[in-house]
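In what follows, a structure is listed as structure tokens, so that the remarks can point back to it.
The values are calculated or read from the model by the stated rules, or taken from the named source; none is laboratory data. If you're wondering where the values come from, they're calculated on a predicted model, not measured in any experiment. Please note: Cβ atoms are built from the backbone with ideal geometry, for glycine as well, and neighbour counts cover all protein chains shown. Surface accessibility is based on the protein's heavy atoms, side chains included, excluding ligands, DNA and RNA. Shrake-Rupley method; radii C 1.70, N 1.55, O 1.52, S 1.80 Å.
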Amino acid sequence: MNSSKSPGLAGFGVLKNTTCHTEKKISVFFSIIFMTAGILSNSLAIVILMKAYQRFRQKSKASFLLLASGLVVTDLFGHLINGAIAVFVYASDKDWIRFNQSNILCSVFGICMVFFGLCPLFLGSVMAVERCIGVTKPIFHSTKMTSRHVKMMLTMVCLFAVLIALLPILRFRAYQIQASRTWCFYKTEHVEDWEDRFYLLLFSCLGFLALAISFLCNAVTGITLLRVKFKSQQRQGRSHHFEMIIQLLAIMCVSCICWSPFLVAMARIGLREGRSEDTCETLLFALRMATWNQILDPWVYILLRKAVLRNLYKITSGCCGGHGVNLHVWELSSIKNSLKVAAISESPGSSKQINLQPLSSMGK
């Protein structure tokens, strides 16, 4: 019954001696709350990002908005599909033997868990790379990072995540019902085969790699923006630098805090032979933490906008009793103005262009 080579019976062996018992009402409540919160927050973020994309369609901010829209759309479908399957499992009293005779539902659930887990992490790292290129190499970004290239990157990221999710199926390794009987994933109980450990380590390593790329690129972007802010005497870029740095810090904190427990747990199970010390309650808690990342991701773009940050700054200044720095009117294209300041400060030919302007005007 425990044989991973038999797709029709895979995973049912864990139903016999399960040591994980979850309260049905509490678990259903958590599933419904997570699904509803994720759908509402991601839907609101999609509306805001699509309106912003229509406004900045021909500007440098369009590529960032397109990637952000792809991220929240992925999170939305993740909550819809995974949440619907989880609620169905709870409503069926977790009787997998009755409704999963051919293991189709568990396979679909496992594929969706892997895909909607890795794809947002990949998209977050791609967004970090895009922002890093846009700030450090604005001329290259404006000429090479077109909407067509961004759509190609989105497609490649999704296809790569689909390939990772389908890899066990292609290798005739069925996804397993976990000890809590509420979700399906790679084999996490009595992992002894090297291939089972490989899938767990692959998922964990890819997740940590995406977080590392995001952290590195966001750090470079933040340092570059601070350097430009201190070098430039133009006051128009201050509020835009403040906005970008706050967003970068929020994205990094949310991703690292929410995903680290689950990735660490998968890595520990993959590296440890035999039975893992991680209980199913620990895995279930880590899974819920990872789910919160998909709920909080859209709120980074909903709350950390220019108008919201400006109001928060005024409220904070009023509560502290200080006047603070007088923030100027926030212009519409914040990222574009930041790139202008970066281009003027960092481009070696900027002084030559400034000196050539009077000559061209005299020629005219």
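Annotations for the structure displayed:
- Semi-axis lengths, Å, segment 105-156, gyration tensor of Cα atoms, sqrt of 5 times eigenvalues: 31, 12, 4
- Extension gain (nm, one decimal) between Phe29 and Arg98, 0.36 nm per residue minus Cα-Cα: 22.5 nm
- When each of Lys144/Lys231; Lys51/Lys151; Lys51/Lys229; Lys137/Lys229; Lys137/Lys314 is checked by Cα-Cα distance, pairs over 23 Å: Lys144/Lys231; Lys51/Lys229; Lys137/Lys314
- Distance in nm between pseudo-label sites at Lys144 and Glu195 (7 Å out along the Cβ direction from Cα): 4.0
- Averaged per residue, segment 116-265 has 44 square angstrom of accessible surface, using a 1.4 angstrom probe with ligands and nucleic acids left out.
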